[in-house]
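Novice: Submitted below is the structure of interest, expressed as structure tokens.
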Amino acid sequence: MRVSLCTITFRHHLISLGEIAAWAQSNDFQGIELWGAHARNLAQQPDRNAEWLDTYGLSVPMISDYLPIDADPETLRHKTVDLCRLARRWRAKKIRTFAGNRGSLATSTEERRRIVERLREICAITASYGIHLLVETHPQTLADTAASTMQLIEEVGHPFLAINFDTLHVWEGGDDPVAVHRKMKPHIRHYHLKNILDRSDLPVFEPANVYAAAGRRDGMTPLFEGTVDYVGFLSEVSGDPLIDASLEWFGNDCLDILRRDRRQVRQVIEGREPARRTVNF
């Protein structure tokens, strides 16, 4: 398993990509998942690119963004092309987006059809760049449950559509991540790994809270100290050395938490359990 950190972790920090890369290199990370906003801002620094990141032994597996599915077709096309060009600069083969902004049960048949058509159009553009479009499993989207996500894959029907498997959000949707993974595995190209102390704490991951500098962080917890069983999940998925996963940490003390979580992920992959384990499947 190749493990990345996410630059969105540092959304409220005064820290350079060079500092992040040096830290990632010294703490056993293989990649840096670029937040779309950061990738666009780095466009003003032409010396920051894939070749530069090679010097740290790191790569960018994915750029995570929010393509405007609801925008007019020309705006959506323009945004997609720009994102693909940024991905090419970093040699990223995946871009991440969301499937709309309403849950599957709250979306009409006609609106679902429209989102499916838009995703198919985006895939046609990304495919021309050799890039996969990854839809993230996420609440308040058409990928909020395993059933709706599998339906979406079939409806779009494009070989360059894939899934960013956010393990916590799969569990949040009421599904068993291990069981869902076994069904969805052929379509998964990336994993997001994060945890929560209790189901009642899930609102801390709502966008309005996550992106607020003064947002609540209570309930966010290290990977192996929450309610989702990551020992069991990683034991299920980590046999393939080419798997890409990102530790998606939004809370405080980011360097300490990421360092510890990365070390414990390696322990699980090597068959040694981390110091603490909580099971709730």
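Novice: Can you name every residue in the stretch 9-24 that is within 20 Å of the chain's Cα centre (by Cα) and either among the charged types (D, E, K, R) or part of a helix (DSSP H, G or I) (or both)?
Specialist: THR9, PHE10, ARG11, LEU17, ILE20, ALA21, ALA24
Novice: List the helices (runs of 4 or more DSSP H) that sit entirely inside the stretch 105-182 and contain at least 1 residues that are over 26 Å from PHE224 (Cβ atoms). Before you say what the answer is, go through the steps one by one.
Specialist: On the way: elements: 109-128, 146-156, 167-172.
Because the criterion is at least 1 residues that are over 26 Å from PHE224 (Cβ atoms), the helices (runs of 4 or more DSSP H) in the stretch 105-182 that meet it are 109-128, 146-156.
Novice: Hey, can you tell me all the residues within the stretch 190-231 that are assigned to a strand (DSSP E or B) and polar (S, T, N, Q)? Steps first, please.
Specialist: Keep residues of the stretch 190-231 that are assigned to a strand (DSSP E or B), which gives 190-193, 195-196, 220-221.
Passing the criteria: ASN195, THR221.
Novice: Does the stretch 180-199 contain at least one residue that is among the basic types (Lys, Arg), surrounded by 14 or more Cβ atoms within 10 Å (Cβ to Cβ), at pLDDT 95 or above and more than 21 Å from SER148 (Cα to Cα)?
Specialist: Yes, because at least one residue in the stretch 180-199 is among the basic types (Lys, Arg), surrounded by 14 or more Cβ atoms within 10 Å (Cβ to Cβ), at pLDDT 95 or above and more than 21 Å from SER148 (Cα to Cα).
Residues are listed down the side, and each one gets a yes or a no for (1) touching a Cys at 6+ places or on another chain (Cβ under 8 Å); (2) over 22 Å from LEU247 (Cβ atoms); (3) open to solvent by 10 Å² or more (accessible area, probe 1.4 Å); (4) of a type in the set (Asp, Glu):
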position: GLY36; (1), (2), (3), (4): no, no, no, no
position: GLN44; (1), (2), (3), (4): no, yes, yes, no
position: GLU51; (1), (2), (3), (4): no, yes, yes, yes
position: SER59; (1), (2), (3), (4): no, no, yes, no
position: ILE63; (1), (2), (3), (4): no, no, no, no
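Novice: In the stretch 95-104, what residues are open to solvent by 30 Å² or more (accessible area, probe 1.4 Å) and either in a helix (DSSP H, G or I) or closer than 30 Å to ILE32 by Cβ (or both)?
Specialist: First, pick out the residues of the stretch 95-104 that are open to solvent by 30 Å² or more (accessible area, probe 1.4 Å): 98, 101-102.
Answer for the stretch 95-104, where residues must be open to solvent by 30 Å² or more (accessible area, probe 1.4 Å) and either in a helix (DSSP H, G or I) or closer than 30 Å to ILE32 by Cβ (or both): PHE98, ASN101.
Novice: Another question, if that's okay. Pull up the stretch 125-162, narrow it to residues that are free of Cβ contacts under 8 Å to residues at least 40 places away in the same chain and touching a Phe, Trp or Tyr at 6+ places or on another chain (Cβ under 8 Å), then point me to the one that is surrounded by the fewest Cβ atoms within 10 Å (Cβ to Cβ).
Specialist: Here the residue is ALA127.
Novice: Has the stretch 202-218 got any residue that is without any contact (Cβ under 8 Å) to a residue 40 or more places away in the chain, in contact with a Ser or Thr (Cβ under 9 Å, 6 or more places away or on another chain) and open to solvent by less than 40 Å² (accessible area, probe 1.4 Å)?
Specialist: Scanning the stretch 202-218 turns up no residue that is without any contact (Cβ under 8 Å) to a residue 40 or more places away in the chain, in contact with a Ser or Thr (Cβ under 9 Å, 6 or more places away or on another chain) and open to solvent by less than 40 Å² (accessible area, probe 1.4 Å).
The values are calculated or read from the model by the stated rules, or taken from the named source; none is laboratory data. As the structure is a computational prediction, the values presented were derived from the model and not from experiment. Note that we place each Cβ from the backbone using ideal geometry, even for glycine, and neighbour counts take in every protein chain shown. Remember, those area values only see protein heavy atoms, side chains included, never the ligands or the DNA or RNA. Shrake-Rupley method; radii C 1.70, N 1.55, O 1.52, S 1.80 Å.
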